Amino acid sequence: MRIILLGPPGAGKGTQAKTLAQEIKLPHISTGDLLRKNVSQGTSLGKQAQDFMNKGALVPDELVNQMLTERISLPDAQEGFILDGYPRNLAQAGILDEALKKLGKQVDLVVYLDTSEAVVIQRLSGRLVCKNCGANFHATNMPPKKAMTCDNCGGALYQRSDDKEETIRKRLEVYRDECAPVIKYYQAKGTLQRLVADGEANKVLVDIVKLVRKHHDSLKV
Ligand code: AMP
């Protein structure tokens, strides 16, 4: 089953996708994580992407598309995946459809995590991420037990450079301009399900799992 989590930065796509991946045993594919890995490893892709990411702008399609199509062609993604951070514009949605068509597959379910701007800014400006395992915490909503230390693996926590308030506003602007048409695209195809995601992460997860199970059962009928 191929699932996409859509929504503004700070909607909780990464947090939800990580937990959902464990629950339904499909890989979580985050283009943001893949890009950050390339940046930290100093690859040619990482060097080209870094400036765009720091500014809160989208990385050019030609860099992201190849990375994504290679990732979804790997053996672990053949039974399905949970995509987070892609597609971010209509051209990417088209590329994904084409790539899946070549593999004889399609997007099965798109979950749109509808989140208000105030919640997004509050979540992102306090977000802390583990350098080692990628787990997310929040300075006030979900503080780690020990300051700036990951509860799961003991790794150091850091604030993403694009989680500064000014960059958050830029990312939201990009989201409104580029990603809103993607929501309409999947709505027209009938694959989009909308969930209000302003509430607690655990409750949102329960709703996502319900949607996924319902969809999975209807695929089997
Ligand atoms: P994220 O972790 O999804 O918030 O992504 C962090 C940053 O990575 C974004 O602000 C973009 O600069 C870049 N990025 C991630 N996914 C994409 C994508 N599908 N297309 C273009 N840029 C992306």
Determine, from the Cβ-Cβ distance of Ile24 and Ala147 and an R0 of 35 Å, the FRET efficiency 1/(1 + (r/R0)^6), rounded to the nearest 0.05.
-> 0.55
Where in the chain are the helices, taken as whole DSSP H runs, whose Cα atoms extend 24 angstrom or more along the long axis and whose Kyte-Doolittle mean reaches at least 0.0?
-> none
Listed by chain and number, the residues whose amide H is under 5 Å from that of Arg2, excluding neighbours fewer than 5 places away on the same chain and using placed H, are Phe81, Asp108, Leu109
Set the Förster radius R0 to 35 Å, insert the Cβ-Cβ distance between Gln48 and Ala139 as r into 1/(1 + (r/R0)^6), and round the FRET efficiency to 0.05.
-> 0.65
Let me know the shape class of the chain, please: from the alpha-carbon gyration tensor, a ≥ b ≥ c as square roots of the eigenvalues, rounded when a/c is under 1.5, otherwise prolate if a/b is greater than b/c, or oblate.
-> rounded
Say each of Ser218 and Lys184 gets a label point 7 Å from the Cα, pointing the same way as Cα to Cβ; how far apart are those two points in nm?
-> 2.4 nm
For an R0 of 22 angstrom, estimate the FRET efficiency from the Cβ-Cβ distance between Arg194 and Val119 and round to the nearest 0.05.
-> 0.90
Relative contact order as a percentage, the chain, C-alpha pairs under 8 Å and 6+ apart, gives 29 percent
What are the trypsin sites (Lys or Arg not before Pro) within the stretch 1-58 that DSSP puts in a loop, where the Cβ has at most 15 other Cβ atoms within 10 Å?
-> Lys25
If Lys and Arg each add +1 and Asp and Glu each add -1, what is the summed charge of the other residues whose beta carbon sits under 12 Å from the beta carbon of Val39?
-> +1
Count neighbours as other Cβ atoms within 10 Å of each site's Cβ, and list the GluC sites (Glu not before Pro) in the stretch 1-110 that are DSSP loop with at most 13 such neighbours.
-> Glu79
Note on the chain, DSSP bridge orientation, antiparallel percent to nearest 5 equals 30 percent
Among Lys18/Lys105; Lys55/Lys101; Lys18/Lys164; Lys18/Lys146; Lys105/Lys131, the pairs whose Cα-Cα distance exceeds 30 Å are Lys55/Lys101; Lys105/Lys131
Quick calc: nm separation of the 7 Å Cα→Cβ label points for Glu173 and Gln41 -> 3.3 nm
In nanometres, the difference between 0.36 nm per residue of separation and the alpha-carbon distance of Glu165 and Lys203 is 11.0 nm
Mean accessible area per residue over the stretch 152-221 (1.4 angstrom probe, all protein chains present, square angstrom) is 65 Å²
Express the carbon and sulfur contribution to the solvent-accessible surface of the stretch 1-147 as a percent, rounded to the nearest whole number, probe 1.4 angstrom.
-> 54 percent
Over the chain: helical MRE at 222 nm, DSSP H runs n ≥ 4 each giving -39500 (n - 2.57), nearest 500 | -15500 deg cm²/dmol
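The values are calculated or read from the model by the stated rules, or taken from the named source; none is laboratory data. The shown structure was predicted, so the numbers you read here are calculated from the model rather than taken from an experiment. Because the Cβ atoms are built from the backbone with ideal geometry, glycine has one as well, and the counts that use them run over all protein chains shown. Just the protein is used for accessible areas: all its heavy atoms, side chains included, with ligands, DNA and RNA removed. Shrake-Rupley method; radii C 1.70, N 1.55, O 1.52, S 1.80 Å.
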